[in-house]
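> Got a structure here, written out as structure tokens. Questions coming.
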Amino acid sequence: MFLLAAGLSIIFGLMNVLNLAHGSFYMVGAYIAYSVVVATKSFWLALVVAPVLLAVVGAALELVFFRRVYGRGHLAQVLLTFGFTLVFVDLIRSQFGPTTRSIPPPSGLEGAVQVLGATFSAYSLFVLAVATVVGALLLVGWRSLRVGAVLRAGVEDKEMAGLLGINLPRVFTLTFAFGAGLAGLAGVIAAPEFAIYPGMDANVLILALVVVVLGGLGSIEGALLGAALVGLGYVIGTSLFPQFAIGLIFALMAAVLVVRPSGLLGRRM
Amino acid sequence: MIRGRFRAAWRPGLLAILTLALASVPMWAPRFWIYIATQALIFAIFAMSLDFLLGYAGLPSFGHAAFYGVGAYACALLALRQVDGLIPLLVVGAAAGALIAAPIGALSLRTTGIYFLMLTLAFGQMLWGLAVNWTSLTRGTDGLIGIPRPTLAGLDALNISLYERGPFFFLCLVVAILTFLLLEMLARSPFGKTLEGIRDNERRMRALGYPSFRYRLAAFVIAGSIAGIAGSLAAMSNGYATPDLLYWTVSGLALVAVVVGGARSLIGPVLGAFAVLFGQLGLSTYVPRWELILGTLFIAFVLFVPRGLVGLVRRA
Amino acid sequence: MTEVRVSVAGVTVRFGAVAALSRVDIDVPAGERRAVIGPNGAGKTTLLNVIAGELRPTEGLVHLGEQDATPLPAWRRARLGLGRTFQRSTLFDQLSVAENVTLAVRARLHGGWRFWPARERAVNTEVEGRLEAGGIAHLARRRAAGLGHGERRILEIELALAAVPSALLIDEPMAGLSGAERRLTLERLQALPEDVTVVIVEHDLDAVFALAQRISVLDHGVKIADGTPAEVRANPRVQEVYLGAI
Amino acid sequence: MADEIQGYLDRKLVENLDRREFLQMGLTVAGAAAFVACGGSPTSGPSGPTGPEFKLGVVLPYSGVYAELGNSITNGMRMYFDSVGNQAGNRKITMITADEQVQLADAVAATKKVVEQDGVDMVAGYVSSPNAAGNRNYLDGQKIPTLVANAGVNSLSRAAKSPFIYRTSFSNWQPAHPVGTYVAEKLGKKRIQLVYAKYGAGLESVASFKETFTAAGGTIVGPDVATPFPNNGDQTPFVQAIQIDKIDGIYSFMSGTDAVTFLKKAYELGTLTRLALVSGAGFFVEQDVLAAITDAAPAGAITGLHWALTLPNKENQDFISKYSKKFSGRQADVFAVQGFDTARVIVEALNGVKGNTDNKDAFMKAIAGVSFKSPRGDFKFDANTNNVVQTIYIRKTVKDPKLGWTNQVIDQYPGVADPGK
């Protein structure tokens, strides 16, 4: 969840592009994982292949389409990316059929584990671990590396970054590719945990948007915090109102935005 | 860049053509297409209310379906309790829409831009969840079905029944025209210009002494009540009210209609509503892989018709 | 129109660890023309924002006339007779020039709570007069977004004037203007009624000395001088941080 | 490798389906010109039927979450119609499909489109219950003969019954009812917790189970585990709400994606192996679910349904092999059977009235009188409910050396009919 939100937050915050197709990248990632696992039996290969492929797809889409709508306001972007979600879901359906698929967790991560008296599936813990590691890497990279600095310059002030001699178009393409790759990674990670089906994109997209907005746009820390809160909210929500756990999450977001109109760690837009 | 101060010359012409074309629909169209045109008209009313928010007040609501759905449920609940007057049913829809819009607007309007969009989405989805789970009132996912069509004293005397498709279409047309005139009047009034000022530059408006929040809230409530009226009509037309009506995809479709048609024009959303509804329906019933085609159309539209359908007309 | 004194007392504004203003006291009696100068980043615009009500000070009080305005939102202060212009032109881009001014005039006369297209003859006459006086009558039907820089600056000031403020905050009116445009703007400002209190932030010192009766100097958020133009000119600290740089 | 082939074949199938559908559209929409252009050849030769064309409106989901069900039902219908040369009662039968999608608004539009625009003589389809119920008044009011081919909402056989609407699939009450008796009496499991997706079908199914189960001396151990429908979130908290130590087993109603994610999670957490009994309505472990979860399948699960892949009767074995041959290796499922039987009802009724559908009462009477040996066993309608009367099979989930994971029939309750109230 966090991976997805981080990718979305970067694309959204840095480039100010509201990308509804982000959920589609996630779905495609899961289907790539399915195909790779079926063909080679190797989950680990999928873990490498899918993000790379999606980064390429993301870069291509940015170059051909998104580039043209940066100045056009969010609504044009919503329409454009909504168009892509329709295209992706139909392509997936024609390629794989509408049936639900699933892949088993990689060997070594099946079964359940007892932690502090509670039972978790081993794979869930693995997901948690991966998210933590990637989150930490992103955070470190974001704060220290040049990549982070360039991105941050872009987030803070597009004009300023231009003045500093940063090749903005290229940065944008790379950022978009990176965000798409993260979504792909999230898709692969999620594949053994959840079911794979056309339509999984829409379900996850809204949640990802909530995470991003809750944390504040363009802030990796915010995405982390948002993901943690949404996760927690979901668990509490499930025990309080099992039928409508997501309602609690929406309520949480509403409460946060009413008090802090730019999200927890966001800048004023 | 020189533009007319209030309205350009293309507008009355397009309006007249549109009205005439619509009014003639029941004379030549097959029954099924009258039904679809009715749906499109209702959707157009809904889209116009959204355009008022989006185009004039600059508020991208992504939860507008909440007011549409609440209007439908209010109308349905009343109609199922043997109230069959047209006017009370429309009024209750409008009142319900306004009543819900007031608190949601009061909270959402503390934010702007994309945060506003997400917040309205959140409230919309919460109401949707309520409609699904409050089964004693809404009957959950099954929805309220079997809603009768309303009656209107004068029409009964003339022996015209709103159960007939033609008269009901005209009813929707009349409501749509009234809605258009009302919103057009608001848009051109000092109130409308104030909203536009706030949309363009809230800071300056506040510096000039305008309490921007109150104006925005008023616009939000007005749009909510019109969406409620559209919801009432939908409930009467279909004979049911289901949680689907409140789902975010409905809000999304309305936004698409506004953007496709061209925002800040009030005519654009009408054209957009027809285009989207006919597009979706035409494609889904006659072509396999229709989602692919619809998606491609959207993409092409954004890239090649940036100003919406109204922009095309304006150029022509 | 009532006379309005503008004063800030002990105002501190902190953005995180940085103090944009610290313990600034400035008192502008009604009818005075006061200039606020200082190098870039000295906190001049922040000060205007605090007075206008767009920023809540971390500490300190803002008075308009006899009233404590510290808790009031911007639009309430505007109703007390406070007007302002912005450093970066903030116009209503989608509206015509005439509509821009109309909004300002209407704010003063009755606000925007009229839900039908009204005649508003009084408003229209006044708008025409103001466009004439500002030398932009020929632009009346143009969209604000399509104006040139100088035209935008002039409209910016006309918007503030149209509200007929008792106290006016002006943020860098001359920036980026041509010589002719500067002269026109200066004339407009000099023509303000005597009882209007003016606080002007400006880098063009010729304009400052032509307009101001007193001058306050800010540096790094601290007030370092306050006095008549002659006194300020003579102040060694001011020469060091500001004038010396020229 | 095998999966890859399967994937390829699926793809092929979809393409074929689309082409055929498209051709059919062409025929209805643009008439003969389109037909010549496509170069197809009709199934009826010069000696074909001479009566007017019989147009059947098929309203089923071809997009959205239920698309797979729509495809299977359509395939089943097509298979039967093809087997009789697409004609009956001296009339050529044409299927006119319309996309039911997911939401009621779309299903209503699709129904009106086939009825009013295409002027169909009859409507068949409806996967989701709200869509069937929401179209009921219209179809009833317009007196359109209708066969519901999946939607199980009880009310269509009860309060909302219509003389023009018959159901060939099941009522939600049916598959669950015998399971309660079986679990309590034959298996002697007396303490059961209910686990279900909270929506119409889930609620009706568990209510039906509860009826017979408590009547036979069983106790429902609370609280129920009710998941949202559909549950797009994590199933862990719901799996963990199963009180393994206090119960003999669970009764469950879930289907499709929900069943897949729930069973997988229950397997990973070790809950499945610790449960003495998993029972449920057959959809919980139908072939689509089993194919997706493979070895996470709940071995030994006891479920009730009106069909099973392993049913040994000749009609079924015939059906399965022909279906697989016709649709490029695809495995038959319960939905295909429902489609197949729906088509058969239409053909036999048409033959019964010699193609004369102008007299609707007579036509409906002919439909009501149809009975035959279906792949699912004896098929007939109940005059009280206009619902199918059928055998409910008690099945056990096993791994078959040839078929992989599937359900073996271990008992049967013939002639199960909805009580009608």
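The values are calculated or read from the model by the stated rules, or taken from the named source; none is laboratory data. Keep in mind that this is a model prediction, so the values were computed, not measured. So basically every Cβ, Gly included, is an ideal-geometry build from the backbone, and we count neighbours across all protein chains shown. When the accessible area is computed, the model is the full protein with side chains, heavy atoms only, and any ligands, DNA or RNA have been set aside. Shrake-Rupley method; radii C 1.70, N 1.55, O 1.52, S 1.80 Å.
> Determine, yes or no, whether D:Val353 is surrounded by fewer than 21 Cβ atoms within 10 Å (Cβ to Cβ), under 25 Å from D:Phe209 (Cβ atoms) and of a type in the set (A, V, I, L, M, F, W, C).
When the stated conditions are applied, D:Val353 does not pass them.
> Right, next: Take the residues of the range B:97-123 that are open to solvent by less than 10 Å² (accessible area, probe 1.4 Å) and more than 9 Å from chain A (Cβ to nearest Cβ): which is farthest from A:Val258 (Cα to Cα)?
Ranking the candidates gives B:Gly97 first.
> Of the residues that sit in the range B:129-158 and are at the interface with another protein chain (Cβ under 9 Å from one of its Cβ atoms) and touching a residue at least 12 places away in the same chain (Cβ under 8 Å), which one is surrounded by the fewest Cβ atoms within 10 Å (Cβ to Cβ)?
Among them, the one singled out is B:Gly146.
> Related question: Considering only the range D:66-97, how many residues are hydrophobic (A, V, I, L, M, F, W, C), buried (at least 22 other Cβ atoms within 10 Å of the Cβ) and in a helix (DSSP H, G or I)?
Count: 5.
> Which of the residues belonging to the range C:151-186 are closer than 26 Å to C:Leu47 by Cβ, open to solvent by 10 Å² or more (accessible area, probe 1.4 Å) and away from chain B (no Cβ under 13 Å)?
C:Ile154, C:Glu172, C:Ala175, C:Gly176, C:Leu177, C:Glu181, C:Arg182, C:Leu186 - these are the residues of the range C:151-186 that are closer than 26 Å to C:Leu47 by Cβ, open to solvent by 10 Å² or more (accessible area, probe 1.4 Å) and away from chain B (no Cβ under 13 Å).
> Additional query: Would a scan of the range A:87-108 turn up a residue that is hydroxyl-bearing (Ser, Thr, Tyr) and in a helix (DSSP H, G or I)?
yes
> Is it the case that D:Gly141 is within 20 Å of D:Leu69 (Cα to Cα), small (Gly, Ala, Ser) and out of contact with any helix residue (DSSP H, G or I) (no Cβ under 6 Å at 6 or more places or on another chain)?
The answer is no for D:Gly141.
> Any idea how many residues of the range D:196-254 are on the phi < 0 side of the Ramachandran plot and part of a loop (DSSP other than H, G, I, E, B)?
Total meeting the criteria: 22.
> A further question on this structure: Which residues, counting only those in the range D:110-124, are among the small types (Gly, Ala, Ser), at pLDDT below 95 and either over 19 Å from D:Ile165 (Cβ atoms) or not in a helix (DSSP H, G or I) (or both)?
Passing the criteria: only D:Gly119.
> Still on this model: Only one of B:Val221, B:Val175, B:Val270 is surrounded by 23 or more Cβ atoms within 10 Å (Cβ to Cβ), away from chain C (no Cβ under 12 Å) and either assigned to a helix (DSSP H, G or I) or not hydroxyl-bearing (Ser, Thr, Tyr) (or both). Can you tell me which?
Just one listed residue meets the conditions, B:Val270.
> Can you tell me which of (1) away from chain A (no Cβ under 14 Å); (2) surrounded by fewer than 20 Cβ atoms within 10 Å (Cβ to Cβ) is the one D:Asp224 doesn't meet?
Single failed check for D:Asp224: (1).
> Another question, if that's okay. When the range D:109-120 is examined, which residues are found to be touching a residue at least 12 places away in the same chain (Cβ under 8 Å) and either aromatic (Phe, Trp, Tyr) or open to solvent by 10 Å² or more (accessible area, probe 1.4 Å) (or both)?
Hits for the range D:109-120 are D:Lys112, D:Val115, D:Asp118, D:Gly119, D:Val120.
> On to the next question. Restricting the range B:281-300 to residues that are in a helix (DSSP H, G or I) and open to solvent by 40 Å² or more (accessible area, probe 1.4 Å), which is nearest to the other protein chains (Cβ to nearest Cβ)?
Of everything passing the filter in the range B:281-300, B:Leu292 is nearest to the other protein chains (Cβ to nearest Cβ).
> If you don't mind, another one. Quickly run through the range C:70-107 and pick out the residues that are crowded, with 23+ Cβ neighbours inside 10 Å and more than 10 Å from chain B (Cβ to nearest Cβ).
Answer for the range C:70-107, where residues must be crowded, with 23+ Cβ neighbours inside 10 Å and more than 10 Å from chain B (Cβ to nearest Cβ): C:Val97, C:Val101.
> Same structure again: Under 6 Å between Cβ atoms, which residue pairs at least 6 apart in sequence (or on different chains) link something in the range D:176-189 that is over 16 Å from D:Ile392 (Cβ atoms) with a partner that is among the small types (Gly, Ala, Ser)?
D:Lys189/D:Gly249
> Here is a further query. Please work out which one of (1) surrounded by fewer than 24 Cβ atoms within 10 Å (Cβ to Cβ); (2) in contact (Cβ under 8 Å) with a residue 40 or more places away in the chain is the condition A:Tyr234 fails and give its number.
(2)
> Kindly establish whether C:Glu202 is among the charged types (D, E, K, R), surrounded by fewer than 17 Cβ atoms within 10 Å (Cβ to Cβ), in contact (Cβ under 8 Å) with a residue 40 or more places away in the chain and under 19 Å from C:Val28 (Cα atoms).
Answer is no for this residue.
> Quick one: B:Ala263 ticks every box in (1) hydrophobic (A, V, I, L, M, F, W, C); (2) in a loop (DSSP other than H, G, I, E, B); (3) more than 12 Å from chain A (Cβ to nearest Cβ) except a single one, so which number is it?
With (1) hydrophobic (A, V, I, L, M, F, W, C); (2) in a loop (DSSP other than H, G, I, E, B); (3) more than 12 Å from chain A (Cβ to nearest Cβ) applied to B:Ala263, the lone miss is (3).
> Also: Of the residues in the range C:52-69, how many are at positive phi and surrounded by fewer than 22 Cβ atoms within 10 Å (Cβ to Cβ)?
Residues flagged as at positive phi and surrounded by fewer than 22 Cβ atoms within 10 Å (Cβ to Cβ) within the range C:52-69 amount to 2.
> Kindly indicate whether D:Ala105 is surrounded by fewer than 24 Cβ atoms within 10 Å (Cβ to Cβ), within 10 Å of another protein chain (Cβ to nearest Cβ) and under 25 Å from D:Gln174 (Cβ atoms).
no
> Follow-up. Return the total of residues in the range B:231-249 being facing another protein chain (nearest Cβ under 9 Å) and of a type in the set (A, V, I, L, M, F, W, C).
Of the residues in the range B:231-249, 3 are facing another protein chain (nearest Cβ under 9 Å) and of a type in the set (A, V, I, L, M, F, W, C).
> Please state which of the following conditions B:Pro306 fails to meet, knowing it meets all the rest: (1) surrounded by fewer than 24 Cβ atoms within 10 Å (Cβ to Cβ); (2) facing another protein chain (nearest Cβ under 9 Å); (3) in a helix (DSSP H, G or I).
Status for B:Pro306: all satisfied but (3).
> Okay, next question. Could we say that D:Val389 is without any contact (Cβ under 8 Å) to a residue 60 or more places away in the chain, aliphatic (A, V, I, L, M) and either outside the structural domain of D:Ala296 (by the TED database) or open to solvent by less than 80 Å² (accessible area, probe 1.4 Å) (or both) here?
When the stated conditions are applied, D:Val389 passes them.
> Select from the range C:11-25 the residues that are under 21 Å from the mean Cα position of the chain (by Cα) and of a type outside the set (S, T, N, Q) and list them in ascending order.
Residues satisfying the conditions are C:Val11, C:Val13, C:Ala20, C:Leu21, C:Val24, C:Asp25.
> Related question: Looking for whichever is free of Cβ contacts under 8 Å to residues at least 60 places away in the same chain, closer than 21 Å to C:Ala225 by Cα and not in a helix (DSSP H, G or I) here; the options are C:Gly41, C:Gly10, C:Gly31. Which one fits?
From the options C:Gly41, C:Gly10, C:Gly31, the qualifying one is C:Gly10.
> Go through (1) touching a Pro at 6+ places or on another chain (Cβ under 6 Å); (2) among the aliphatic types (A, V, I, L, M); (3) closer than 29 Å to A:Leu214 by Cα for B:Ile160 and report which single condition fails.
Failing condition for B:Ile160: (3).
> Then there is this: Take the conditions more than 10 Å from every other protein chain (Cβ to nearest Cβ), at pLDDT 90 or above and open to solvent by 20 Å² or more (accessible area, probe 1.4 Å) and apply them to D:Pro312. Does it pass?
Criteria met by D:Pro312.
> Against the condition more than 14 Å from the chain's Cα centre (by Cα), part of a helix (DSSP H, G or I) and within 10 Å of chain D (Cβ to nearest Cβ), how does A:Ile206 come out, does it pass?
Spelling it out, it is not the case that A:Ile206 is more than 14 Å from the chain's Cα centre (by Cα), part of a helix (DSSP H, G or I) and within 10 Å of chain D (Cβ to nearest Cβ).
> Among (1) touching a residue at least 12 places away in the same chain (Cβ under 8 Å); (2) farther than 30 Å from B:Phe304 by Cβ, there is one condition B:Val256 misses while meeting the rest; what is its number?
Checking B:Val256 against (1) touching a residue at least 12 places away in the same chain (Cβ under 8 Å); (2) farther than 30 Å from B:Phe304 by Cβ, the one that fails is (2).
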